[in-house]
Amino acid sequence: MQRGSSERELAARWEAEAVAVTKALAAAEQIRVDSGAAGEPERKTPKEQPKDPAPAQPRAAEEGDARVVPRPLPTLPLAKPQAARARGLCPHGKPRSKGRGGRRSSGRAADEYHSQRPVTVDSSKARTSLDALKISIRQLKWKEFPFGRRLPCDIYWHGVSFHDNDIFSGQVNKFPGMTEMVRKITLSRAVRIMQNLFPEEYNFYPRSWILPDEFQLFVAQVRMVKDGDPSWKPTFIVKPDGGCQGDGIYLVKDPSDIRLAGTLQSRPAVVQEYICKPLLIDKLKFDIRLYVLLKSLDPLEIYIAKDGLSRFCTEPYQEPNPKNLHHIFMHLTNYSLNIHSGNFVHSDSTSTGSKRTFSSILCRLSSKGVDIKKVWSDIISLVIKTVIALTPELKVFYQSDIPAGRPGPTCFQILGFDILLMKNLKPILLEVNANPSMRIEHEQELSPGVFENVPSLVDEEVKVAVIRDTLRLMDPLKKKRENQSQQLTKPLAAKEDPSDSEPASASDGNTDPEAHLPSICLKQVFPKYAKQFNYLRLVDRMANLFIRFLGIKGTMKLGPTGFRTFIRNCKLSSSSLSMAAVDILYIDITRRWNSMTLDQRDSGMCLQAFVEAFFYLAQRKFKTLPLHEQVASLIDLCEYHLSLLDEKRLVCGRSGPAGGRPLDSGSPPDATPSAPPVEGHPPSCTNSAPKAAHSGHALS
């Protein structure tokens, strides 16, 4: 009984204390409301300020390192609100913040917090670029998550490919399919399509043959040229398709070389004409590694770093002859090869040694009277044209991995362009790297067999700037901060008395967060120069047609039904091109391309096969024009007929078929096409064609 009585007394005491606390909180809230109404005449009107602004979350909760902790119950104020404000306290007795969030509260409090929080970067998959990435994040004062994060990050930095991790939001520094697109065979095919259309504009890429598929063609063409010009004594360089860092590359003088024939089946390769007259500095051959940022695919945005690296051979150059063909330190500029040469020179100076900055080379050339602006202009043109050659198939990869209308990240990527300057200063594209090395240290041999990683000041100067400024350009919160700054400065400048306010830099938080950083080292070249190069984007328009008729989301190959629907909807069949002939064309081209490609995941017509079929149709329909005009005319014709079809479907969608629901004309453009019309009947409202080709998902 005594125990039960004590429990009842304790419960009664708790209840009395709870009632007292409740009354005290109510009184405190009334004081806060009264003081706010009397002491803040400059508050915005109720229309501009929500009644219950959302409080900013604690920093730990935003950054994802701790669970969201409930806000504790407010305590009784220790001083009257007016006195508290005089001491720099808010009405609740808490210190007044000196940043933007510390000004009079408004309905934008949560937005202000989110615009001021640091950008979050997941670096758990960064691999060899990790050191340069860490320095960049530290300079930007962003938040790094080296082991990943439970909550989504703003940016994910992958070391190899888009598929390093499953990402459904934010931004990732790899495009789907980029690794496949810049392989030597795929790159050569993409550039060759452009060379067929615009041979003069794409003469910066050496003549190439794909082995083993084109070995007989290679032998026949070399023999034909030699018969016409007996003085021609070419050298060829063989590059394995999957090789990197100089692995497996060698030179030959004649197609009958035994090594060439012996590696055909086991290791596909590209063979190219070797550039025998390169520009030399200090009697050494060198190449240029330039860093290019592909910021977006649609719309296309390209940036080029203002500085790069120059990698030197370590043996004085001589033109190829049977005695020096095997001298890799003379002919191959790959850093990973020459670092093993006894003549390799490590230097902390940007203008000496076996690795230098490209800007130091330009300064040296300028001192000799070379027109540096012309050199840069030619390099920029080369880069833009190469990216234009790559983007059509990249779009196909993109819609396969991130279909329109489905959640997914936006993408960007840093590419490494390897460029050789000829003796006449003409730039030649050697290759494109999807994963250029971003290491900022090198191995130094301390004693035989004992190596140590030593910082490379040349690498750090160039690569850290490229990564840091790429992040600055991709900053997802930058626009929010700019909008917030504009919204805050205008009303405050109009309403507040300067004598009563703190200095603008402290009170408004309008100081530029990048003020301590150097100017951005990346220069936009597209769309800045779009007018000069848009005429080259014919294959890009063909890719839009191809994607429109793909049908199933996620596929990369066009089926026979989709190809027939393309022919029918674009009005390409005629008495001279029956649908039976269309089927035969599809089967022949698809079978040949499928035998040449390694990717057998899907059956059907790949984009390059579709381009070949498109060329064939254009040449049949417009016989007297050059190839690029034939193709452009056929694209215009297809787009015209499809636009008429889209208008008809839009009208049908508004009115709706009798007794049925209206067509969903607002669905994603490259969604699954509806059933093709019955052959011989025009498309109608109930038997519509595929949706419009323009993608509804930003390919950035």
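The values are calculated or read from the model by the stated rules, or taken from the named source; none is laboratory data. Just so you know, these numbers come straight off a predicted model, no measurement behind them. Neighbour counts run over all protein chains shown; Cβ positions are idealised from the backbone, glycine included. We work out accessible area using only protein heavy atoms, side chains counted, and drop any ligands, DNA or RNA first. Shrake-Rupley method; radii C 1.70, N 1.55, O 1.52, S 1.80 Å.
Values computed for the structure shown
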item: LYS226 paired with LYS648, simple spin-label distance in nm, labels 7 Å along Cα-to-beta-carbon; result: 5.9
item: Accessible heavy-atom area order of THR350, THR386, highest first, probe of 1.4 Å; result: THR350, THR386
item: Angstrom value of the Kirkwood radius, inverse mean 1/r, which spans all Cα pairs in segment 349-423; result: 15.8
item: Dipole magnitude of segment 520-572 about its Cα centre (Cβ charges: Lys, Arg +1; Asp, Glu -1), debye to nearest 20; result: 100
item: Accessible solvent surface per residue of segment 538-614, calculated while the other protein chains remain in place, 1.4 angstrom probe, Å²; result: 40
item: Shape box of segment 536-585 [Cα atoms, principal axes, largest first, Å]; result: 32, 28, 17
item: Inter-part distance where segment 288-361 and segment 141-213 are each reduced to a Cα centre, Å; result: 21
item: Extension gain from TYR535 to ARG207, taking 0.36 nm per residue of separation minus the Cα-Cα distance; result: 115.8 nm
item: Distance histogram for segment 195-332 (every C-alpha pair counted, 5 angstrom bins, percent rounded to whole numbers); result: 2, 8, 14, 17, 20, 17, 12, 7, 4, 1, 0
item: Solvent-accessible heavy-atom area per residue, rounded to whole Å², over segment 261-376 at 1.4 Å; result: 44
item: Sites LEU446 and ILE281, calculated FRET efficiency, Cβ-Cβ separation with R0 45 Å, nearest 0.05; result: 0.90
item: Computed lengthening from HIS327 to ILE135, 0.36 nm per intervening residue step minus Cα-Cα distance; result: 65.3 nm
item: Accessible surface ranking that places the most exposed of THR128, THR565 first, with a 1.4 angstrom probe; result: THR128, THR565
item: Reduced Cα scattering model of segment 119-262, Debye log10 I(q)/I(0), q = 0.09, 0.21 Å⁻¹; result: -0.49, -1.27
item: Three-way shape call for segment 314-354 based on the alpha-carbon gyration tensor, with the a/c threshold at 1.5; result: prolate
item: Extension reserve of the ARG406-THR561 stretch, reckoned as 0.36 nm per residue once the Cα distance is removed; result: 53.3 nm
